[in-house]
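Asks: Quick one: the structure is below, questions incoming.
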Amino acid sequence: MSFFDLEKMESASKSNLDAVQQLSSKLFESAEELAKLQFKTIRAATDDNFENLRKIISVRDPQAFLELQASFFKPNEQAERLVEFSRQTYDLISRFQAEVTRLTERQIEIGTQQAQEIVEEICKNAPANAEPVVSVFKSAVEGAGNVYESAQRAAKQASEITASGIEAAANAAGQATTQAAGKKTA
């Protein structure tokens, strides 16, 4: 007599393989998006540098050269670009993290359900004098489920705290940049 249904095991294996494939696909998509963001940022910086070089080449007198050189130093604009790049990177990472969390939660739910089914099957087929062992086994499975739920709640709270901290830092940097720009123009 077998406690395991081969069709269920095959189905679980296929489900796990699909989940790993989805995770892998999402990882590659996110890496591709991050690379595109980095290339876009590098491209914009390179274009700006070439434009500045064109301006330098066209300058004819030393005073205009000094004025042009001073105009290149724009810390506020550079800070705004850095803040925007950071926000876009954080958004990308957050979306990837949410997708991984969703896939993981779904797989854990499936695994928990399968474990419960196995426990029920074992309990149905256990000898009458094995009741204490079955009870301990059930308690262990329930305890593991409770530990997972607690860990999941803690991970979500940590993620929310991190997200709010990063958002607050980005907002503070943006405000500082705006204030610095206001002081410079005043």
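The values are calculated or read from the model by the stated rules, or taken from the named source; none is laboratory data. All values reported here derive from a predicted model rather than from experimental measurement. Neighbour counts run over all protein chains shown; Cβ positions are idealised from the backbone, glycine included. Heavy atoms of the whole protein, side chains included, go into the accessibility calculation; ligands, DNA and RNA do not. Shrake-Rupley method; radii C 1.70, N 1.55, O 1.52, S 1.80 Å.
Asks: Please report Rg (one decimal) and Dmax (integer) in Å for the Cα set of the chain.
Replies: In Å, with Rg to one decimal and Dmax whole: 28.7, 101.
Asks: Determine the per residue accessible area of region 1-140 with all protein chains present and a 1.4 angstrom probe, expressed in square angstrom.
Replies: Working: 10700 Å² over 140 residues.
Result: 76 Å² of accessible area for each residue.
Asks: If r is the Cβ-Cβ distance from Ala126 to Val20 and R0 is 35 Å, what FRET efficiency results, to the nearest 0.05?
Replies: E between Ala126 and Val20, to the nearest 0.05, is 0.55.
Asks: Let me ask you something else. Which whole-number percent of Cα pairs in region 1-86 have a distance greater than 20 Å? Can you show the working numbers first?
Replies: On the way: 2324 of 3655 pairs.
Tail of P(r) above 20 Å: 64 percent of Cα pairs.
Asks: Could I ask something else about it? Using a 1.4 Å probe and ignoring any ligands, DNA or RNA, find the accessible area of Arg106 and quote it in Å² to the nearest 10.
Replies: The accessible area of Arg106 comes to roughly 90 Å².
Asks: So, one more: Using 0.36 nm per residue, how much length does the chain from Ser94 to Asp48 gain when fully extended, once their Cα-Cα distance is taken away?
Replies: Numbers: separation 46, 0.36 × 46 = 16.56 nm, distance 2.97 nm.
Fully extending the segment from Ser94 to Asp48 adds 13.6 nm.
Asks: Please identify the chymotrypsin sites (Phe, Trp or Tyr not before Pro) of region 1-86 that satisfy two criteria: DSSP loop assignment and at most 16 other Cβ atoms within 10 Å. Which are they?
Replies: On the way: sites: Phe3, Phe4, Phe28, Phe39, Phe50, Phe65, Phe72, Phe73, Phe85; in loops: Phe3, Phe4, Phe73.
Answer in residue order: Phe3, Phe4, Phe73.
Asks: With r defined as the distance between the Cβ atoms of Leu6 and Leu27 and R0 fixed at 30 Å, what FRET efficiency is calculated, to the nearest 0.05?
Replies: Details: r = 31 Å, r/R0 = 1.04.
That pair, Leu6 with Leu27, gives E of 0.45.
Asks: Once you charge only the Cβ atoms, +1 for Lys and Arg and -1 for Asp and Glu, what is the size of the charge dipole of region 64-157 about its Cα centre, to the nearest 20 debye?
Replies: Working: 10 positive and 14 negative charges, 29 e Å.
In debye, rounded to 20, region 64-157 gives about 140.
Asks: Compute the distance in nm between two label points, each set 7 Å from the Cα along the Cα-to-Cβ direction, one at Val59 and one at Phe72.
Replies: 0.7
Asks: Oh, and also: Tally up the carbon and sulfur contribution to the accessible surface of the chain as a whole percent, 1.4 Å probe, everything protein left in place. Intermediate values should be presented prior to the final figure.
Replies: Working: 8460 of 14030 Å².
Reported share for carbon and sulfur atoms: 60 percent.
Asks: In straight Cα distance, which lysines are under 20 Å from Lys124, not counting same-chain residues fewer than 8 positions off?
Replies: Those lysines meeting the cut-off are Lys8, Lys138.
Asks: Also, I was wondering about something else. Give the residue from Gly145, Val83, Gln63 lying farthest towards the positive end of the charge dipole for the chain; charges sit on Cβ (+1 for Lys and Arg, -1 for Asp and Glu) and the dipole is referred to the Cα centre.
Replies: Working it through, the farthest residue towards the positive pole turns out to be Gln63.
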